[in-house]
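In what follows, a single structure is set out as structure tokens and then discussed.
The values are calculated or read from the model by the stated rules, or taken from the named source; none is laboratory data. The structure presented is a predicted model; accordingly, all values stated were derived computationally and were not measured. Every residue, glycine as well, gets a Cβ built from its backbone with ideal geometry; the counts of neighbours run over all protein chains shown.
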Amino acid sequence: MKKLHFALALAVLSTSLMGGSAFAQDRDHHDNHTYVQHKEWKKGAPIKHEDWDRGDKVDYHQNHLAAPPRGYEWRQVDGNYILANSSNFQIRTVIRIP
């Protein structure tokens, strides 16, 4: 009987610990589909590494975007499509997603 109680207590404890970490991840997660205005995102300006890294890679065919030039990549960040150089993060195009 003690083993059953121990196993049940261990299961409850592990579930509560996992739930707390899942909550922390949700709180820190950015929704790249919701529009956020970034006045600093202009042609020729660099995009911050943390913004670029949290952006979702975009399939330009599926999203009806122009093919990126060599060395460039499309990302979806804060409700915008960003076309930037993948080595120096210089922005070429910003498109607000309707």
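Annotations for the structure displayed:
- When we screen 32, 80 for residues that are at pLDDT below 95, surrounded by 11 or more Cβ atoms within 10 Å (Cβ to Cβ) and in contact with a strand residue (DSSP E or B) (Cβ under 8 Å, 6 or more places away or on another chain), the only hit is 32.
- Looking at 68, 98, just one residue is out of contact with any Ser or Thr (no Cβ under 6 Å at 6 or more places or on another chain) and at pLDDT below 90, and that residue is 98.
- Residue within region 70-91 that is in a loop (DSSP other than H, G, I, E, B) and free of Cβ contacts under 8 Å to residues at least 12 places away in the same chain present: yes
- Within region 41-66, residues that are farther than 11 Å from residue 77 by Cα have Cβ atoms under 6 Å from residues that are of a type in the set (S, T, N, Q) in these pairs: 46/90, counting only partners at least 6 apart in sequence or on another chain.
- Restricting region 57-72 to residues that are in contact with a Lys or Arg (Cβ under 7 Å, 6 or more places away or on another chain) and not aliphatic (A, V, I, L, M) leaves a set whose member that is nearest to residue 37 (Cα to Cα) is 57.
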